1. Right, residue 200: surrounded by fewer than 22 Cβ atoms within 10 Å (Cβ to Cβ) and under 19 Å from residue 174 (Cα atoms) or not?
2. Counting residues that are more than 28 Å from residue 582 (Cα to Cα) and without any contact (Cβ under 8 Å) to a residue 24 or more places away in the chain, which helices (runs of 4 or more DSSP H) fully inside the stretch 60-114 reach at least 1?
3. Have a look at 180, 248 and point out the one that is open to solvent by less than 60 Å² (accessible area, probe 1.4 Å), in contact with a strand residue (DSSP E or B) (Cβ under 9 Å, 6 or more places away or on another chain), under 20 Å from residue 318 (Cα atoms) and in contact (Cβ under 8 Å) with a residue 12 or more places away in the chain.
4. Does residue 194 meet the test of being buried (at least 22 other Cβ atoms within 10 Å of the Cβ) and at positive phi?
5. Pick from the stretch 271-301 the residues that are open to solvent by 60 Å² or more (accessible area, probe 1.4 Å) and under 19 Å from residue 246 (Cα atoms): which of them is modelled with the lowest pLDDT?
6. Exactly one of (1) surrounded by fewer than 19 Cβ atoms within 10 Å (Cβ to Cβ); (2) at pLDDT 95 or above is unmet by residue 560. Its number?
7. Over 23 Å from residue 242 (Cα atoms), over 28 Å from the mean Cα position of the chain (by Cα), open to solvent by 40 Å² or more (accessible area, probe 1.4 Å) and not basic (Lys, Arg): which single residue out of 326, 334 fits that description?
8. Evaluate the following for residue 242: is it of a type outside the set (Lys, Arg), within 30 Å of residue 160 (Cβ to Cβ) and buried (at least 18 other Cβ atoms within 10 Å of the Cβ)?
Amino acid sequence: MRVEQVEMSQDNDRPPTLDLGSDAAAAAANKTRNCSGGGGGSDDVGGCGTAENVLHNVLENVLHFLTSRQDRNAASLVCKSWYRVEALTRSDLFIGNCYAVSPRRVMSRFNRVRSVTIKGKPRFADFNMMPPDWGAHFSPWVASMAKSYPWLEKIYLKRMSVTDDDLALLAESFPAFKELVLFCCEGFGTSGVAVVASRCRQLRVLDLIESDVTDDEVDWISCFPEKETCLESLIFDCVECLINFEALEMLVSRSPSLKKLGVNRHVSIAQLYRLMIQAPHLTHLGTGSFSNSEAMVNGELEPDYGSAFAACKSLLCLSGFKDILPDYLPCIYPVCANLTTLNLSYANITAEQLKPVISHCHKLQTFWALDSISDEGLQAVASSCKELRELRVFPADAREDGEGPISEVGFQAISEGCRRLQYILYFCQRMTNAAVVAMSQNCQDLVVFRLCIMGRHQPDHKTGEPMDEGFGAIVINCKKLTRLAISGLLTDRAFSYIGKYGKLVRTLSVAFAGNSDLGLKYVLEGCHRLQKLEIRDSPFGDAALRSGLHHYYNMRFLWMSDCKLSRYGCQEVARALPHLVVEVMRNDNQESDHLPQMGDLENYVPVLYMYRSLEGPRDDAPACVDIL
């Protein structure tokens, strides 16, 4: 995913207790004495009510200052009284899986909620590895919230199926609604967006990020109030249809609080100039196409784009650059010295074109780019960006057999020049153990390490050895690591390192790795905090799956695709753990060359998705999904 709002694309993982109070939470509360009770006999009855009310009020005031989900979950387990008061004081609700709990259960426990975050499909939906009609419907949620939360102000949805009717109900039901963020959602169009824009008169945030928005030929930009708006953030770079630019320009001019603006590819650099003149106070800007318009091609005099950027003294985050014309890159030089985030993940530029830009970005903390910048471009980043905390490098050509322009050279340069790095996502065609070991030694503050060596079972390209020692060094030396993605030629030895040293790892992604069931067993027995496990195209079978029976109730989900699972093995897990939902999906488009070597292909399971739920199996599964 390539979006500017990094904080939204990342999961803030929770401890095993569900955010919504699981059966375990209720059981724990019932087993503990009510701490608001005096513990005395009949002599205490006279003052019991007053004392309990005082304690209740004190606790309520204290819990209002408790903002962390993890802390609130822990507080709710103390006793019955804390369980009740925590629910009364929770205003922000996070639901990591829309099928883990029902709307009815949520509304019955939490009745003072003002902000809701709901996540739907697992991450592999982004790679077309799930049926398009799999589920994750927003409809039952918005219907329930419309009745229970009339004061709701914020909704953030990720990988959910949202309809225009859902958006209309949202706009009608919450008179004080302020913020809507749809991240990687689908099912709605510009008609639904228009209803939100016209009816939510206090709207401050409307962010459509990496979502699939249907063109209903509705001029949704013109639907915002004609008077001064409350807008603080408007992002629609994923909307592929034409917009009414004049209406957008007028909207920006009457939105004095606007700080974040992300436009789509139909906004040219000349139009962007006009918007920036209207909003020099922007802190975040998504530039649109960043190429010249048809009028400029026909010979009209171009404005001084650099002066518009120079006037934006508060600009911190810059993204967009779709259909970029590199000749315009010098326009952003005036703001580079102040930038903390630069997203060039849509800009197919070379190292020579990047160098003059990146040489001014000394405060940069987040940088996203395509691998077209090559090792030379990464060396320039390492030389200039000493404060870098996050680096993501995506492939311009995602083919497994391609010759990628980046390698261990740029990777090691980053590790030597950007020693405060905390997050790295790095797609490449070749890598060495030595470079990964150097990263583990130089960047020991790494929290997220995602190395994606494209191509199946790629070894150290210099020695021909498996990549075991490199990934082993990462989990040994980077003691803050919570998220790890591994690929390349890996044996069970790499998994033994992860199980032994990856004690804080909560999310593990595995692709084309491993050589026996023992590898997965090491991970499931050693990584006690593991919450999310994603595995694809790896040789793990039923024995590996059974090795995690002791831990699955503590995990949010397990995804396995194109492994060596059988239907019988999955049924065993379903019988042993009845409170897990075990979904088996058919993949009718799978190529026969990629089928595993199994004796009984009819019993073969292409995709397993397993998650914990308080509600049991869902009732909206499509025909291609079997729930065991």
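The values are calculated or read from the model by the stated rules, or taken from the named source; none is laboratory data. Just so it is clear, the model here is predicted, and its values are computed rather than measured. Reconstructed Cβ throughout: ideal geometry from the backbone, glycine too, with neighbour counts over all protein chains shown. Only protein heavy atoms, including side chains, enter the accessible area calculation; ligands, DNA and RNA are left aside. Shrake-Rupley method; radii C 1.70, N 1.55, O 1.52, S 1.80 Å.
1. no
2. Filter on the stretch 60-114 gives 69-76, 80-89.
3. Just one listed residue meets the conditions, 248.
4. No.
5. Among them, the one singled out is 294.
6. Of everything listed in (1) surrounded by fewer than 19 Cβ atoms within 10 Å (Cβ to Cβ); (2) at pLDDT 95 or above, residue 560 misses just condition (1).
7. Answer to the check: 334.
8. No: the conditions fail for residue 242.
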